[in-house]
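Structure record follows, encoded as structure tokens.
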Amino acid sequence: MAVAAVSVAKRSLRAELKQRLRALSAEERLRQSRLLTQKVIAHRQYQNSKRISIFLSMQDEIETEEIIKDIFQQGKTCFIPQYQFQSNHMDMVKLASPEEISLLPKTSWNIHQPAEGDVREEALSTGGLDLIFIPGLGFDKDGNRLGRGRGYYDAYLKRCLQHQEVKPYIMALAFKEQICLQVPVDEHDMKRFPNLPYLGHKSSLETKHNGQEDEVVGVATLHSGAWKRHGHGDREYTSLQRQTAGLT
């Protein structure tokens with residue numbers, strides 16, 4: 001697909017996804033967030049990770065507050081985004097405690113983050129990351145992600161490739177309404193993450209787990225096994241067991 005056509009397709013899909021998210025009630029956002037929090041905390045990769053970066057939620061994103069609290073309760077080290085709004089540069093900087101979040105200044109996106117002059121421990125220069133939670137507007141079964149158009153996470157993940165010998169595991173949290181049949185991508189996108197355990201919603205995609213159909217529940221986990229911008233290779237689709245899902 002030509003670059004111009006991809007750009008048009010992205011704008012159209014972003015508008016559709018934003019409309020879906022606006023239609024979600026506060027109660028439904030909270031219900032799905034609580035469910036995904038339970039699944040994240042039970043996830044083997046989360047349990048084995050010591051240095052974790054996680055986004056502070058916007059209103060139309062999975063609520064990450066309880067995950068952040070658990071990171072500290074488990075004695076892990078927590079890093080959060082520090083965006084530079086004049087560019088697409090972003091660092092992951094250390095958060096001292098969950099209580100600190102409300103004291104941080106708010107950006108124009110109405111989310112808390114350390115001020116640009118607030119110098120903190122930066123993840124990539126002090127040992128890297130074991131696990132990165134990423135936000136997004138949409139995700140598809142091939143591991144493609146549609147962001148909000150600024151390119152912060154695409155640029156950051158490419159820096160991780162350069163700085164970390166052992167690549168972090170990537171887990172993208174999403175409401176089931178954010179799972180798409182296909183996300184348009186261009187040459188600037190980090191795309192097609194192989195070895196993809198995927199959780200979505202059964203009405204928009206189905207996966208196989210040991211030969212059985214599973215309902216999937218609104219979180220995509222993108223494995224870091226082979227980070228290649230144009231890479232191909234075997235893809236593995238799995239899901240957490242549906243007995244803990246409860247979504248209809």
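Laid out as a table, the results:
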{"item": "Cross-link pairs LYS141/LYS167; LYS106/LYS176; LYS50/LYS158; LYS18/LYS158; LYS76/LYS158; LYS10/LYS69 - those with Cα-Cα distance over 30 Å", "result": "LYS10/LYS69"}
{"item": "Accessible area of region 1-127 divided out per residue, in Å², using a probe of 1.4 angstrom", "result": "54 Å²"}
{"item": "Full-extension gain in nm, ALA15 to GLU28, via 0.36 nm per residue minus C-alpha separation", "result": "2.6 nm"}
{"item": "Rounded Å value of the spacing that divides the Cα centres of region 100-117 and region 124-180", "result": "21 Å"}
{"item": "Extended-chain gain in nm, criterion 0.36 nm per residue less alpha-carbon gap, THR107 and GLU165", "result": "17.6 nm"}
{"item": "Relative contact order for region 1-69, counting Cα pairs under 8 Å that sit 6 or more residues apart, in percent", "result": "31 percent"}
{"item": "Electrostatic dipole magnitude of region 1-89 [Cβ: Lys, Arg +1; Asp, Glu -1; Cα centre; debye, to 20]", "result": "260 debye"}
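The values are calculated or read from the model by the stated rules, or taken from the named source; none is laboratory data. Quick caveat: nothing in here was measured; it's all calculated off a predicted structure. Cβ coordinates were reconstructed from backbone atoms using ideal geometry, including for glycine residues, and neighbour counts include every protein chain displayed. Surface areas here come from the heavy atoms of the whole protein model, side chains and all, with no ligands, DNA or RNA. Shrake-Rupley method; radii C 1.70, N 1.55, O 1.52, S 1.80 Å.
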